[in-house]
Amino acid sequence: MEVINGIEFLPKFKKPVITTGTFDGIHIGHQKILKRTIERAKAIQGESVLVTFHPHPRLVLFPEDNDLKLLNTLAEKKERLSDLGLDYMLIIPFDGAFSRMKGKDYVEVFLKGTLNAHTLIVGYDHHFGRNREGDFALLERLSTELQFELEEIPAQDIDQLKVSSTKIRAALLKGDVKTAAEFLAYRYSIQGRVEHGEGRGAGMGFPTANICLSEERKLIPANGVYAALADTDFGRHQAMVNIGIRPTFQKNLERKIEVHLFDFNSNLYGKNLTLHFVQRMRDEMAFNGPEVLSEQLNKDALEAKIILQSHA
C-alpha cells in the first residue's frame, strides 16, 4: 500500500475506486466497505483508494472537547489498511477551510475534479461536507451529472447491534475487550515505550514494564487486570496487565499501565512494546499490604495463563 500525504503528491490515477472517512478502528463494518472497494478496483483494473483525514475531524471542529479517544493511531491505521490489500491511503490534512467545503463542492471539485473518481463506495448513512449536509441522495444526483459510479454498503450488524466506532469505545471503557474484538475482528491493542517504574512488582516476584503511550489520545481500556499478549523486540509473550492507579501503594490518581511478561527476563527499558488485550479478569483493588497483593497476583497469573492457553 502506498501512503500519500496530501493532494500535492497525488499520482495520476487511471480508474480510482474511492471510499472516504476517518475509519477509526477499521472495524468489521469498515472492513466490508474496504474489501468491496478493493474488489471493484480489481474488477475494472483500477486503483483502490481510501481518502481519510488527519487529525480526526472532531479535534478540529470541537477543539475544546477533550473527551475523544482514538481506537487507532495513524501508524496502526496504516498497518491495518496495508494488511487488507488496499492500493492507496490518501491522508488529507483536516483543517477549518476543508471543514467548510459544501457537500456539492466536495464531490464536484475534490472527488471528481481532483481525484478523478471512477467509482465511489460509501457506507450506510454516509454524510459529508459542511455541517454534514451531503447525503446519499446528493451523491446519486451528482453521480449521474458527473458520470461516476456509486455503491452504498448497507448497515452491518452483530447480534442486532449496529457496528460503530462509538460502540467499540463504549465497550473498551467498560473493560469489555472481548466485545471490542468481535466488532474489530482483531484484538484491541496499545503501543508505547517502556519506562522505569518504582520496582515494587519485582520485589513481589512480578517485575513489570511500565508503558508510556506513543499517542496521548489513544483510548486506554477501563482500569483493571487483563490477560494479554505482548509483542517485543524479543518476540511475542503471554502477559498480564494492570491498568489503574495502584491503590495499594499510592494516593494520587495518575493512571499507569503495568505489564508483567511470563517467562521473560530480558531488559525492555527504552524499547517499544505492543499489548493485545485478550480478556479482563477483575477490577483493580486496594489490598492490605504487599503480602496480600502478592497472593492475589499469583492467582491472577494462573488465571491469565489458563485464559491465554485457551486462546492460543
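The values are calculated or read from the model by the stated rules, or taken from the named source; none is laboratory data. Since the model is a prediction, treat every value here as computed from it, not as a measurement. As a convention, Cβ positions derive from the backbone with ideal geometry for all residues, glycine included, and neighbour counts pool all protein chains shown.
Check region 165-174 and report whether any residue there is loosely packed, with under 15 Cβ neighbours inside 10 Å and modelled with pLDDT under 95.
Yes - at least one qualifying residue is present in region 165-174.
What about ALA117, is it small (Gly, Ala, Ser), farther than 21 Å from ARG40 by Cβ, surrounded by 16 or more Cβ atoms within 10 Å (Cβ to Cβ) and not assigned by TED's automatic domain parsing to the domain that holds VAL225?
The answer is no for ALA117.
Only one of these conditions is not met by GLU140: (1) touching a helix residue (DSSP H, G or I) at 6+ places or on another chain (Cβ under 9 Å); (2) under 21 Å from ILE44 (Cβ atoms); (3) not polar (S, T, N, Q). Which number is it?
Looking at each condition in turn, GLU140 falls short on (1).
Can you tell me which of THR52, THR114, THR73 is farther than 27 Å from TYR188 by Cβ and of a type in the set (S, T, N, Q)?
THR114
Inspect all residues belonging to region 145-162 and state whether any of them is at pLDDT below 95, of a type in the set (Asp, Glu) and out of contact with any helix residue (DSSP H, G or I) (no Cβ under 7 Å at 6 or more places or on another chain).
For region 145-162, residues at pLDDT below 95, of a type in the set (Asp, Glu) and out of contact with any helix residue (DSSP H, G or I) (no Cβ under 7 Å at 6 or more places or on another chain): present.
Considering only region 48-58, I want to know if a residue exists there that is assigned to a helix (DSSP H, G or I) and either acidic (Asp, Glu) or touching a helix residue (DSSP H, G or I) at 6+ places or on another chain (Cβ under 9 Å) (or both).
Yes, there is a match, as at least one residue in region 48-58 is assigned to a helix (DSSP H, G or I) and either acidic (Asp, Glu) or touching a helix residue (DSSP H, G or I) at 6+ places or on another chain (Cβ under 9 Å) (or both).
For ASP105, are the conditions met, namely being outside any strand (DSSP E or B), buried (at least 20 other Cβ atoms within 10 Å of the Cβ) and not assigned by TED's automatic domain parsing to the domain that holds SER214?
Criteria not met by ASP105.
Have a look at VAL107, VAL3 and point out the one that is more than 30 Å from ARG187 (Cβ to Cβ) and touching a Leu at 6+ places or on another chain (Cβ under 9 Å).
Just a single option satisfies the conditions, and that option is VAL107.
Tell me yes or no: at least one residue of region 43-56 is under 19 Å from ILE91 (Cα atoms) and of a type in the set (Gly, Ala, Ser).
Yes; the residues of region 43-56 include at least one that is under 19 Å from ILE91 (Cα atoms) and of a type in the set (Gly, Ala, Ser).
Suppose we filter GLU303, GLU295 for residues that are at pLDDT 95 or above and either on the phi > 0 side of the Ramachandran plot or in the same structural domain as ILE211 (by TED's automatic domain parsing) (or both); which single one remains?
The unique qualifying residue is GLU303.
Give ILE92, ILE4, ILE33, ILE18 a once-over and let me know the one that is surrounded by 14 or more Cβ atoms within 10 Å (Cβ to Cβ), in a strand (DSSP E or B) and out of contact with any helix residue (DSSP H, G or I) (no Cβ under 9 Å at 6 or more places or on another chain).
Just a single option satisfies the conditions, and that option is ILE4.
Taking the condition under 19 Å from TYR106 (Cα atoms) and either surrounded by 23 or more Cβ atoms within 10 Å (Cβ to Cβ) or modelled with pLDDT of 95 or more (or both), does VAL49 pass?
Against the criterion (under 19 Å from TYR106 (Cα atoms) and either surrounded by 23 or more Cβ atoms within 10 Å (Cβ to Cβ) or modelled with pLDDT of 95 or more (or both)), VAL49 qualifies.
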